[in-house]
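Student: Okay, here's the structure, questions in a sec.
Every read-out reported here was derived from the displayed coordinates using simple, explicitly stated rules and does not represent laboratory data. All values derive from a computational prediction rather than experimental measurement. Note: ideal-geometry Cβ built from the backbone for every residue, glycine included; neighbour counts use all protein chains shown.
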Amino acid sequence: MTSPLRRLLGAIAGLGSAILFWILGSSLSEPLRSGRLFKMDAASYQLLAFLLVPALILAVVALFWVPPRINNQGPTVEGARLRTALAVVFVGAFLIGIAR
């Protein structure tokens, strides 16, 4: 059984990553629509890197946090479902940010 503190930290990491992916998508939406994605200034690229790196780190933390089996032999079936749901949430947050 996973401790409540570890569950809380995994949930916070997932929420933080989804928020960062949403902000990243909204930051990319205007250059994508105007067709100047590869013609931005250096500060814009730095902002994208500043958002992408923590979002990916938190996503990895959230995706690999799964409830272990009783014998500590790997993730449960529910853990695989949780990873799939988190990946859908991350991609959805990114796409909602772009569409906004």
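Student: Roughly how many debye, to the nearest 20, is the charge dipole of the chain about its Cα centre, given +1 on each Lys and Arg Cβ, -1 on each Asp and Glu Cβ, and no other charges?
Tutor: Using Cβ point charges on Lys, Arg, Asp and Glu, the chain gives about 140 debye.
Student: Specify which residue in the list LEU52, MET40, SER3 is farthest towards the positive end of the charge dipole of the chain, using unit charges on the beta carbon of Lys, Arg (+1) and Asp, Glu (-1), about the Cα centre.
Tutor: Of the candidates, SER3 comes out farthest on the positive side.
Student: Divide, for segment 4-99, the radius of gyration over alpha carbons by 2.2 N^0.38 Å, where N is the residue count.
Tutor: Against the empirical 2.2 N^0.38 Å value, I get 1.29 for segment 4-99.
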